[in-house]
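All remarks here apply to the structure that follows.
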Amino acid sequence: MAKLFKIYKLRLFNQALKAIISYPLRSFFCLIGISLGILSITLIIASIEGANKKALQLFSDFGPDAILIFSGSEQLRSARIRINTLTFDDMEAIRNHIIGCYETIPMIPVRNMTVAYGDKKWRTLGIGSTTEYFTSWGWRISDGNSFSEEDIEEFNNVAVIGQEIVKQVFNGDPQSAIGKTILLNNKPFYIAGVLKERGISFGSMVLDDRIIMPITTVMRELLNERKYIGAIRARFYGDLNSRIEDVVSLLRERHGLKGEMPNDFTIRTAEDAKQFLLVLQGTLVLFLGITGSISLVVGGFVMANLFMISVQERSSEIGIRRAFGAKKNHIITQILLECVIIALAGSLIGLILSFIAGKLILAYTTIPISFSYKVFWITALVATIVGVISGLYPAKRAASLNPVEALFA
Amino acid sequence: MENIPIIELKEIRKSFFIGNREIEVLKGINIKIYEKESIAIIGQSGSGKTTLMNIIGCMDRATSGTYLFKGKDITTFNDDELSSFRNESIGFVFQQFHLIPYINALDNVILPTIYSKKNIDNVKQKAISLLTELGMHDRIYNKPTQLSGGQQQRVAIARALINDPEIILADEPTGALDTKTSSEIMDILTSLNEKGKTIIIITHEQEIANRCKKIIRISDGKIV
């Protein structure tokens, strides 16, 4: 019985396939409509997956147990006004007085630092920090070495450069950079090592475009700063939220902030970084979601319309099939099969197009795109649903035709 | 068995509505058709013969009256049951051939088997031998548009035979053909009758009707 059923369905499938091939123009326009819709849907799914993947990576890069304390209030930071309010003493206090704190690292930025080597010039972000910078961020040295504790104590002009600097100044050859002396804001620095490639960017900010130096050297040689530092990275055991509360009250007390006075510092966590990325991504998803849904709906309408016309054109065929024993269900099944086969073929074309589009997006933008097998199943399901919905009305119309009238129309 | 007609129509009436006006096309038809008969139903256009054919072929329902097939009342059959009945018991041959234009001769012949519950082995082989018998062996893979009228009608006859129906129901089978081809097609139909098929031919031509053993004349919705 089951075998009989299979043969029976297969025959209808064959009929549907023959009809699809025999009406190439109709099939072609339906295919285009559906594939464009599926293209958008696939890109949405891929960009959501890409964003999630990136967010997860960012989360682990940042460290789920870490916070970043910046100088300056939220308001000043969003207005891009930089003032330094944090000190080494603040950092020591956090390390000594906050329970569960097991690591603190000071950082100070040198924005728009000039890099000069031979006739090559570049502008980058300089960061002064300690040797723990590399271990704490999980950012390994790919070539050469880090600077040492001695370098920090002795204010040595030593630098570890990011891959973007290697690309821009040393023609992409990290080995050739090691041991060279470059000018940073016109001060000579010895290159001890090269950072491993991170490959992530935040809008226009490329993470690999940076140079790390001993914080002591940066403060004295480049910034002429004696007291204040830009930011503190701290890591804790235990519940992060209650640790953050402790840090806030400690710093407020140390900075003499009373009552309603706003914080003169800003705390960021991995969660914030993730949120930031997801908000960025949200705009894209919304845009693609709307266009994707619209183009799928339009594709569906095109298909429904073309099939309505087709059913009218083929009324004689439907009459013949009915005369030779086709039941209403046979007619409905055949038309629906035609729609679903076209829709599935369209989704396959849409998938192929989206792989190409995905490659282009990855090559020319910073939008993360990630494809998985899930996309394949989701688009197949969506296409089937669109096919069935588009085909249902034409199919029912075809089946409800009076056989005599259909035959002699 | 011999005395049970294969088709028995009792007081078949059919009316259509044109606007509010009811027009009675068939006014109480009584026919008995026995197995292996060849019957011509002859009438002028407007006599109701096409409507009668549609009712005999179960493409349409009578307004009143009884239709017995081998003694069984099929007036009460629903749409699906009528479809299966047509599939198993009736082989249509039409004036305009009515082949599906986008599939080849072989696929057109196989068409009725698609909707058949019988699992016929070697459907393809059977279709090819039917086409060969009808002299179409070198046209098996041609599309209908590549065939002449006579050739198309041969394909249509092969299609009517594929499911081994009890009755071949031909509606003006030669209406679109020239005299020579007409007589060839009639030769095929009469030879089928000689091999034991029940043949019903609807026509308005006396010459065609004369080829059948029995003639039923219909005029103004009544048998005369």
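The values are calculated or read from the model by the stated rules, or taken from the named source; none is laboratory data. Keep in mind that this is a model prediction, so the values were computed, not measured. Cβ atoms come from the backbone with ideal geometry, glycine included; neighbour counts cover every protein chain shown.
List of remarks:
- Some residue of region A:299-307 being within 14 Å of chain B (Cβ to nearest Cβ) and not aromatic (Phe, Trp, Tyr): no
- From the options B:THR50, B:THR66, residue that is more than 8 Å from chain A (Cβ to nearest Cβ), touching a strand residue (DSSP E or B) at 6+ places or on another chain (Cβ under 6 Å) and on the phi < 0 side of the Ramachandran plot: B:THR66
- Taken over region B:134-163, the criterion of being surrounded by fewer than 16 Cβ atoms within 10 Å (Cβ to Cβ) and within 13 Å of chain A (Cβ to nearest Cβ) is satisfied by B:THR145 alone.
- B:PHE97 passes every criterion in (1) surrounded by 18 or more Cβ atoms within 10 Å (Cβ to Cβ); (2) among the aromatic types (Phe, Trp, Tyr); (3) under 30 Å from B:GLU11 (Cβ atoms) apart from (3).
- Subset of region B:1-24 (residues that are surrounded by fewer than 18 Cβ atoms within 10 Å (Cβ to Cβ), touching a residue at least 60 places away in the same chain (Cβ under 8 Å) and within 23 Å of the chain's Cα centre (by Cα)): B:ILE4, B:PRO5
- Being within 25 Å of A:ASN14 (Cβ to Cβ) and free of Cβ contacts under 8 Å to residues at least 24 places away in the same chain is a description that does not apply to B:SER191.
- When B:GLY28 is tested against (1) at negative phi; (2) touching a strand residue (DSSP E or B) at 6+ places or on another chain (Cβ under 6 Å); (3) surrounded by 14 or more Cβ atoms within 10 Å (Cβ to Cβ), exactly one condition is not met: (1).
- Wholly enclosed helices (runs of 4 or more DSSP H) of region A:257-376 bearing at least 3 residues under 16 Å from the mean Cα position of the chain (by Cα) and surrounded by 15 or more Cβ atoms within 10 Å (Cβ to Cβ): A:270-313, A:328-364
- Total residues in region A:356-409, condition under 30 Å from B:ILE56 (Cα atoms) and of a type in the set (Ser, Thr, Tyr): 1
- Hits in region B:53-63 - residues which are at the interface with chain A (Cβ under 10 Å from one of its Cβ atoms) and closer than 14 Å to B:GLU166 by Cβ: B:GLY57, B:CYS58
- Residue check, B:VAL123 at pLDDT 90 or above and under 24 Å from B:SER83 (Cα atoms): no
- Filtered by the rule that a residue be surrounded by 18 or more Cβ atoms within 10 Å (Cβ to Cβ) and out of contact with any Lys or Arg (no Cβ under 8 Å at 6 or more places or on another chain), region B:31-51 gives B:ILE31, B:ILE33, B:SER47, B:LYS49, B:THR50.
- Meets criteria (without any contact (Cβ under 8 Å) to a residue 60 or more places away in the chain and of a type in the set (Gly, Ala, Ser)) for A:GLY144: yes
- Filter pass, B:LEU82 being under 30 Å from B:THR132 (Cα atoms) and without any contact (Cβ under 8 Å) to a residue 40 or more places away in the chain: no
- Remark: A:GLY292 falls outside the filter, which requires a residue to be of a type outside the set (A, V, I, L, M, F, W, C), within 27 Å of B:LEU82 (Cβ to Cβ) and either touching a residue at least 60 places away in the same chain (Cβ under 8 Å) or within 14 Å of chain B (Cβ to nearest Cβ) (or both).
- Restricting B:ASP73, B:ASP80 to those that are among the acidic types (Asp, Glu), within 13 Å of chain A (Cβ to nearest Cβ) and over 23 Å from B:LEU192 (Cα atoms) reduces the list to B:ASP80.
- Any chance B:PHE97 is at the interface with another protein chain (Cβ under 8 Å from one of its Cβ atoms), under 27 Å from B:THR50 (Cα atoms) and either in contact with a Gly (Cβ under 7 Å, 6 or more places away or on another chain) or modelled with pLDDT under 95 (or both): no
- The condition (being away from every other protein chain (no Cβ under 14 Å), touching a strand residue (DSSP E or B) at 6+ places or on another chain (Cβ under 9 Å) and buried (at least 19 other Cβ atoms within 10 Å of the Cβ)) is satisfied by just one residue among A:ALA66, A:ALA46: A:ALA66.
- Residues within region A:341-380 that are farther than 25 Å from A:SER310 by Cβ and either out of contact with any Phe, Trp or Tyr (no Cβ under 9 Å at 6 or more places or on another chain) or not hydrophobic (A, V, I, L, M, F, W, C) (or both), tallied: 25
One line per residue, one yes/no per condition, for (1) buried (at least 22 other Cβ atoms within 10 Å of the Cβ); (2) over 19 Å from B:LEU192 (Cβ atoms); (3) in contact (Cβ under 8 Å) with a residue 24 or more places away in the chain; (4) within 8 Å of chain A (Cβ to nearest Cβ):
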{"site": "B:GLY91", "(1), (2), (3), (4)": "yes, no, yes, no"}
{"site": "B:ALA105", "(1), (2), (3), (4)": "yes, no, yes, no"}
{"site": "B:ASN108", "(1), (2), (3), (4)": "yes, no, yes, no"}
{"site": "B:TYR115", "(1), (2), (3), (4)": "yes, yes, yes, yes"}
{"site": "B:ASN122", "(1), (2), (3), (4)": "no, yes, no, no"}
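- Check on B:LEU131, surrounded by 20 or more Cβ atoms within 10 Å (Cβ to Cβ), among the aliphatic types (A, V, I, L, M) and touching a His at 6+ places or on another chain (Cβ under 7 Å): yes
One line per residue, one yes/no per condition, for (1) at pLDDT 90 or above; (2) touching an Asp or Glu at 6+ places or on another chain (Cβ under 8 Å); (3) over 13 Å from A:ARG210 (Cβ atoms):
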| site | (1), (2), (3) |
| --- | --- |
| A:ARG77 | no, no, yes |
| A:THR85 | no, yes, yes |
| A:MET91 | yes, no, yes |
| A:PRO109 | yes, no, no |
| A:LYS121 | yes, no, yes |
| A:GLY144 | yes, no, yes |
| A:GLU154 | yes, no, yes |
| A:SER176 | yes, no, yes |
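- Here A:THR333 does not fit the description of being among the hydroxyl-bearing types (Ser, Thr, Tyr), more than 25 Å from A:LEU17 (Cα to Cα) and not assigned by TED's automatic domain parsing to the domain that holds A:TYR228.
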